[in-house]
1. Multiply the residue separation of residue 234 and residue 370 by 0.36 nm, subtract the distance between their alpha-carbon atoms, and state the gained length in nm to one decimal.
2. What are the ³J(HN,Hα) couplings of region 165-176, residue after residue, when phi is run through the Karplus curve with 6.51, -1.76, 1.60 and θ = phi - 60°? Round to Hz, x for glycine and proline.
3. Would you order 332, 171, 358 from fewest to most other beta-carbon atoms within 10 Å of each residue's own beta-carbon?
4. If we count other beta carbons within 10 Å of each Cβ, what is the order of 137, 377, fewest first?
5. With the contact rule set at Cα under 8 Å and sequence spacing of 6 or more, what percent relative contact order holds for the chain?
6. What list of ³J(HN,Hα) values in whole Hz, one per residue of region 313-330 in order, does the Karplus curve 6.51 cos²θ - 1.76 cosθ + 1.60 (θ = phi - 60°) give from phi, with Gly and Pro shown as x?
7. Applying the Karplus parametrisation 6.51 cos²θ - 1.76 cosθ + 1.60 with θ = phi - 60° to the phi angles of region 354-368, what ³J(HN,Hα) value in whole Hz is obtained for each residue in order, glycine and proline being reported as x?
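What follows is calculated from the coordinates using simple rules that are stated; it is not laboratory data. Since this is a predicted model, take the numbers as computed values, not measurements. Using ideal geometry, Cβ is built from the backbone for each residue, glycine included, and neighbour counts are taken over all protein chains shown.
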Amino acid sequence: MRISVACGCLLVVLASGVVSGDELSSVVDEVLTEVQDESLEPAEARRSLLGFQVTGWTELSVTAGTAGGDHRPMGFNYQSNEFLLQQNWLSLDREFDSGTRLHSDWILPGSDYQFTRAIGIFDNQDVRHGIDPVQFILSREFDSVGEGLELTVGRFFAPFGVESIAGPENTLVSHSYSFIYNPFTQTGGLAQLTINDSLTLRGGVVIGSDVFIHPSNTPTFLAGFHWDDPDGGSSVDFLSITSNGRYDDRYGVHNPQVFDLVVTREVSDTVSITLEGLGGYEKDFPGVGTAYWFSAVGYVDWSLEDDLDAAVRVELFNDEHGNRTGSPGLYTGVTGGLSWRWTDDLVVRPELRFDHNTESRPFDGDRMLLTATLDVIIRW
């Protein structure tokens, strides 16, 4: 297992042009040297590396659209009429008997790094397919505190919203503006305290949003909760991100204030509806002063078959001053797609999407964008 994973990662890195063949030659030699020894190991033993469980996937997509070249601010499948290696994802995980866990996720490489990368870590790349260690955490669970306390330190996914950086966790290929243009990751500490079967409190202190260790670091506070209906049919999730709220003009770093609310309702055994409302602002933005943005997103998810899911997403995203997307106006996005698990290791996701901006022309000089996407995820 570890040999196939390593070889697969090396081949994808080489194909993407991140490093040259000469730079990889010594590593390839070391990997090939180990093949004979590892081929004699039991299959179970080859699923781990230095005690870490190794998993991952490769996500490839092609998107046809009415805008030429670049579909941004729509994303992550932003490139028009070309294949994208969006994610070659490597996940390492190790759990200890004491309730301690080490976990790391890498885009190694992929075009999605252009959206997810943080200032201060791997931020000098200027290639289509780059590298981003999107998550590396140390966590510890304490069962004796309340109904359970979990402490996490490191760089972690911003704990709010509906969608995920990890491709297989989404039914749809593309992402909402609310997801793309608000924080992806944060670095610091996070505590989650379970009060009872219904209520979990969440709080943390981080050094900014989408920024690693850097001179622009600003104390930023996370506070929120997750509530589950005792009957199991509904849930509510809230998080606030607060700091000084000022744009750092010296380093070009955003410090957004964000307030996010998500409500989910299970309509039946196969249908769920999720509503998300988000508001944010940032002070001292050049040429504007205080910039505001608001969004409302609705999702309907169906489980059509054991191996087939469908989803529809409708979004209104008001980037009033262009602080988020670079083009002011009210964005409307309507997206529909399928997620077909062809096998345990192969997922196929077709998608159709319509976007419109009432004020600007962000899509190659047009207000409107139509896209059709075919996406494939191969687990390894």
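1. 45.6 nm
2. 4, 5, x, x, 7, 10, 6, 8, 6, 7, 10, 6
3. Ascending Cβ contact count within 10 Å gives the list 358, 332, 171.
4. 137, 377
5. Relative contact order of the chain: 13 percent.
6. 10, 10, 9, 10, 10, 9, 8, 4, 10, x, 5, 8, 9, x, 9, x, x, 8
7. Coupling constants for region 354-368: 10, 10, 8, 10, 6, 10, 10, 10, x, 9, 6, x, 10, 7, 10 Hz.
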